[in-house]
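The values are calculated or read from the model by the stated rules, or taken from the named source; none is laboratory data. From a predicted model like this one, the values you see are computed outputs, not experimental measurements. Cβ coordinates were reconstructed from backbone atoms using ideal geometry, including for glycine residues, and neighbour counts include every protein chain displayed. When the accessible area is computed, the model is the full protein with side chains, heavy atoms only, and any ligands, DNA or RNA have been set aside. Shrake-Rupley method; radii C 1.70, N 1.55, O 1.52, S 1.80 Å.
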Amino acid sequence: MHPQKVTGSIRVIGLISGTSVDGIDAALVEVSGSDLDLKIELLAGETYPYAAELREKILAVGAGAAISMAELAEIDDAIAFAFAQAAQNIQIGHQPATLIGSHGQTVYHRPPQGGSQKLKVKSQKSNCLGYSLQLGRGAVIAHLTGITTVSNFRLADINIGGHGAPLVPRVDAFLLSDSVQGRCIQNIGGIGNVAYIPPRGGDWLSKIRGWDTGPGNSLLDLAVQHLTDGAKSYDQNGDWAASGIPCDSLVEQWLQQDYFHLPPPKSTGRELFGVAYLHQCLKDAEPYQLNPADLLATLTELTVATIAHSYQTFLPQMPQQVLLCGGGSRNLYLKQRLQLLLPSVPVLTTDEVGLDADFKEAIAFAVLAYWRQLGLSGNLPAATGAPYEVLLGEIHSEVGMI
């Protein structure tokens, strides 16, 4: 069967839980247009926290804990049920949605072997392909909600040699581009990723770039949990870090990590910037005898330094604006430090140009699902490293896969 073509405006739910595993971000949006005329209206946005036990299991799996297939199936089921519940809750008080785009919960991501080199599928071995696993099956969500669900967005791009990440730059291009200013859309979730959007005009679409910049909140959140014995999960507003002093020598040492010097396209995750990486950071910090605030300030400085380094090293030119989104956009100390490292570029949030910074990623997957129904490509080869554009996502109806 071919996907049903969608005309006019429809209500779509976007669902995602990022590498921070804070909970499920759900966005109910009205979508119309296609690409250059794409329009969205956010009708409702909410974050639904995971149950504590489920969150702990997800974090453990993401950190490489050994589990049985039966345990993996149970976690997959629990995530799918949680996503379906989020989809049902976000519709309360609104007209029902007719489509869901669910990113699911990433528990493992392996970039293609050989870094940014594009894969020649016919001549390379299959183990050159990347691999990415998102739990929370779309078929289950479709069955539980009775709403057609698009899921498993990364697979098609990975299968042709791409990273399957980042997937949002194409959406950013049509929602956040400007006719005059070049913009960097910087998402700061557990991992940071950037989309460079040049001014609209000419062959601007071919000049868009995107990649994962490195750690976002992942090391910060892990450090807060470590320093408080689990009593706190994050540093609200960056207040704790703001009371400390960054150790520049440590930041310079950490910036030598190979990933930061690998040219785009590139992607990463907790497999690299997770618990083991934090423990190495703590070991590196021992000679400096940093207090907790200084340690958090230094880890914050690493996040902003990797962002600034990425721009200065890999962008064709510096942007006229940086627009932050994701949980890190609410970290005022982080935002201030990034502005200091990019003194000539205003650092704002997507809120300030009309797109909710908290739910931009969820909105993006609503758009990607909408494009899938329209038969429009969703990936951006310059960002993912894929050799060409493809349709993203598997479509599940209430009665089966389309």
Which residue out of S102, S9 is in contact with a helix residue (DSSP H, G or I) (Cβ under 7 Å, 6 or more places away or on another chain) and surrounded by 14 or more Cβ atoms within 10 Å (Cβ to Cβ)?
S102
Of the conditions (1) polar (S, T, N, Q); (2) assigned to a strand (DSSP E or B); (3) in contact with a Lys or Arg (Cβ under 8 Å, 6 or more places away or on another chain), T19 satisfies every one except a single condition; which number is it?
(2)
Positions within the range 243-264 being part of a loop (DSSP other than H, G, I, E, B), buried (at least 18 other Cβ atoms within 10 Å of the Cβ) and either out of contact with any Pro (no Cβ under 8 Å at 6 or more places or on another chain) or at pLDDT below 95 (or both), in sequence order
P246, C247, P264
Listed residues G328, G238, G230; which is assigned to a helix (DSSP H, G or I), among the small types (G, A, S), at positive phi and out of contact with any Asp or Glu (no Cβ under 9 Å at 6 or more places or on another chain)?
G238
Test for L290: is it crowded, with 18+ Cβ neighbours inside 10 Å and not in a helix (DSSP H, G or I):
yes
Are there any pairs, at least 6 apart or on different chains, whose C-beta atoms fall under 9 Å, with the first in the range 319-331 and under 20 Å from V180 (Cβ atoms) and open to solvent by 30 Å² or more (accessible area, probe 1.4 Å) and the second modelled with pLDDT of 95 or more and part of a strand (DSSP E or B), and if so, which?
Q320/R183
Looking at A223, A195, which is the one that is open to solvent by less than 10 Å² (accessible area, probe 1.4 Å) and in a helix (DSSP H, G or I)?
A223
Checking A276 against (1) farther than 29 Å from I197 by Cβ; (2) touching a Phe, Trp or Tyr at 6+ places or on another chain (Cβ under 8 Å); (3) open to solvent by 60 Å² or more (accessible area, probe 1.4 Å), the condition it does not meet
(2)
Given the condition surrounded by 19 or more Cβ atoms within 10 Å (Cβ to Cβ), in contact with a strand residue (DSSP E or B) (Cβ under 7 Å, 6 or more places away or on another chain) and β-branched (V, I, T), answer yes or no: does some residue in the range 295-304 qualify?
yes
Given the criterion of a type in the set (D, E), open to solvent by 20 Å² or more (accessible area, probe 1.4 Å) and free of Cβ contacts under 8 Å to residues at least 12 places away in the same chain, identify the matching residue among D235, D229.
D229
In this structure, is G269 open to solvent by less than 50 Å² (accessible area, probe 1.4 Å), modelled with pLDDT of 95 or more and either touching a Lys or Arg at 6+ places or on another chain (Cβ under 8 Å) or not in a helix (DSSP H, G or I) (or both)?
no
Report, by residue number, each residue of the range 168-192 that is in a strand (DSSP E or B) and either closer than 30 Å to R55 by Cβ or open to solvent by 20 Å² or more (accessible area, probe 1.4 Å) (or both).
R183, I185, Q186, N187, I188, I191, G192
Do we have any residue at all in the range 75-86 that's at pLDDT 95 or above, open to solvent by 60 Å² or more (accessible area, probe 1.4 Å) and part of a helix (DSSP H, G or I)?
yes
Could you tell me whether E56 is at pLDDT below 95 and open to solvent by 60 Å² or more (accessible area, probe 1.4 Å)?
yes
Of all residues making up the range 50-65, the number that are free of Cβ contacts under 8 Å to residues at least 40 places away in the same chain, part of a loop (DSSP other than H, G, I, E, B) and more than 10 Å from Q105 (Cβ to Cβ)
2
